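First the structure, in the form of structure tokens, and then the observations on it.
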Amino acid sequence: MADTRIPPVREMDIARPCAARIYDAFLGGSHNFGCERTFMEALERELPDIGESYRENRAFVRRTVEYLLARGIRQFVDLGSGIPTIGHVHEVARRRTRDFRVLYVDNEPLTVAHSKPLLAGESRAEIIRADCRAPQAILGSPEAAELLDLDEPVALLMTAVLHFVPDSDDPVALVEAYRDELVPGSHLVISHLTGSHDPDEMRILSGRYAETTDPLHPREVEWIEKQFGDFEVLPPGATYLSDWRPEPGQTAAKRRYRLLYGGVARKP
């Protein structure tokens, strides 16, 4: 696989809110700054209880990791991972098994700098600074070679990352490139923001993110479903995250917002 375009190196910017630290703030983490907390407070005034959507995405990650571990998957590549705290992939995995490996990937320099010491005591997980739009740089990295066996099935997590990739960077071709590199038995996990159900709320959210270092590109549910290509979409299919194998008592009827859509698919 050859990358047709190498994204520019992302520079550090602590004057404006960044998506990874906004996520951390909404999850109750401590790896964020005043601008992210101010952003969070302003967004919550416009969209009360919007924090449930951020927690919903993290809960989806937890449920998918547990599901994949039960299906025998032991290798995970998490694109646009953010800061690996508050119940992220390796924390979920090590509650179930000692046999796992996780490669986190993020392009924001401070996010990676914060993450390195958090993972220092975990030999089965590593983070690299790379852009998800450069698959060769990720799958061909020394860290991937050392940590993973790409001749064996992996789970590729694209959770809450594709909606930061603009159409000008051809996210459809990007996802296809990753799908092509996965061996049979691998799984693709996607969650993506959409305004299909709540367009007014999505407009507010997108407007706020336009002020950050990471503007949003929400897409229709039909677009999201197509990103699984010819992979087998596993039950319950592509759906709003609150409907994807919910915990007892956590049904969609209890959710104020339906902004995140996705699912899990297996390469035949």
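Assorted remarks:
- From the list Glu122, Glu108, the one residue that fits, being crowded, with 19+ Cβ neighbours inside 10 Å and either touching a Cys at 6+ places or on another chain (Cβ under 7 Å) or over 20 Å from Leu188 (Cα atoms) (or both), is Glu108.
- Search result, residues across the stretch 83-112 that are of a type in the set (Phe, Trp, Tyr) and assigned to a loop (DSSP other than H, G, I, E, B): Phe100
- Options Ser115, Ser53; residue that is within 15 Å of the chain's Cα centre (by Cα) and either assigned to a loop (DSSP other than H, G, I, E, B) or surrounded by 20 or more Cβ atoms within 10 Å (Cβ to Cβ) (or both): Ser53
- Every listed requirement among (1) out of contact with any Cys (no Cβ under 9 Å at 6 or more places or on another chain); (2) within 23 Å of Thr38 (Cβ to Cβ); (3) in a loop (DSSP other than H, G, I, E, B) is met by Thr213 save one, (1).
- All of (1) surrounded by fewer than 17 Cβ atoms within 10 Å (Cβ to Cβ); (2) under 27 Å from Leu193 (Cβ atoms) hold for Ala160 with one exception: (1).
- Verdict on His163 being under 15 Å from the mean Cα position of the chain (by Cα) and part of a helix (DSSP H, G or I): yes
- Residue within the stretch 85-101 that is small (Gly, Ala, Ser) and in contact with a helix residue (DSSP H, G or I) (Cβ under 9 Å, 6 or more places away or on another chain) present: yes
- Members of the stretch 76-98 that are among the polar types (S, T, N, Q) and surrounded by 23 or more Cβ atoms within 10 Å (Cβ to Cβ): Ser81
- Residue in the stretch 71-82 that is over 25 Å from Ala15 (Cβ atoms), of a type in the set (Gly, Ala, Ser) and not in a loop (DSSP other than H, G, I, E, B) present: no
Any read-out appearing in this document is the output of simple, stated calculations on the displayed coordinates, not a laboratory observation. Remember, predicted model here, so these are calculated numbers, not experimental data. Don't worry about glycine lacking a Cβ; one is built from the backbone with ideal geometry, like all the others, and counts go over all protein chains shown.
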